[in-house]
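No lab work stands behind these numbers, since they all come straight from the coordinates. No experiment lies behind these values; they were computed from the predicted model shown. FYI the Cβ positions are ideal-geometry reconstructions off the backbone, even for glycines, and counts take in every protein chain you see.
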Amino acid sequence: MSSPDRMNPMPTRRLTRRRAVGLACAALLALSTAGCFRPMYAETSPGEGSALADKFGQIEIVFASGRVANEVRNDLIFELTGGAGNPAGAPYRLLLNVRNSTTAAAVVSPLTGLPEVELVTVDVRWQLYDVGNLKVPVATGNAIGKASLDSGYQRFARNRAIRDAENRSSRVAAESIRTQLAAYFVNPTAAAPVAAPPPLPNYATPKT
């Protein structure tokens, strides 16, 4: 007795042919849409750095006083250059105004009445200047980093925990600033008009 497939092979052949046509169409569709999407940090061409990386390498981050402010600055330099260091004499200058605070969260120990959790906040206002005009920034922004810590009963342990939380918050703020700068350089015309802000310390003649 012959099997049905041997008796009538046409349906199997048609099904195989349909699958081949479907796969070919899917491949053509993928190729046609491959050029429609480009990651924000994609390289422009083989052997060249990305356009954003080039822009980031043209930003000199001005010295910021204070331990937390300097932590934000160091993290941001690494975020922008990948460890290449702060470029001197760059066409752009970035100024940072950093404020940090530690507040008690609404979690209180029923035994001691003291807060069990504290929240460290690092608030950064940044201004990007073209060195040809240090009076009006080309872009401004605000970045906030937060980190929590368990309140300790020993003073030195708590101080260390706060310092670590400040470092974590600084890193978050630096990453946020990098993202904001990337958005500006990708489409500068989409940025809102920038008004002259209140001057930062040494803002007219920033330190290097």
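By DSSP, the beta bridges lying fully in segment 51-190 are antiparallel in about 90 percent of cases.
Glu118: net charge of surrounding residues, Cβ under 15 Å, Lys/Arg +1, Asp/Glu -1, itself excluded? Overall, the nearby charge balance is +2. For Asn74, neighbours were defined as the other residues whose beta-carbon sits under 12 Å from its Cβ, and their charges (Lys and Arg +1, Asp and Glu -1) total 0.
The calculated FRET efficiency for Val136 paired with Arg67, based on their beta-carbon distance and R0 = 35 Å, is about 0.70. Our summary gives segment 51-190 a relative contact order of 24 percent, counting only alpha carbon pairs under 8 angstrom and 6 or more residues apart. Here the extension length gained between Ala90 and Gln154 equals 18.4 nm, from 0.36 nm per residue of separation less the Cα-Cα distance.
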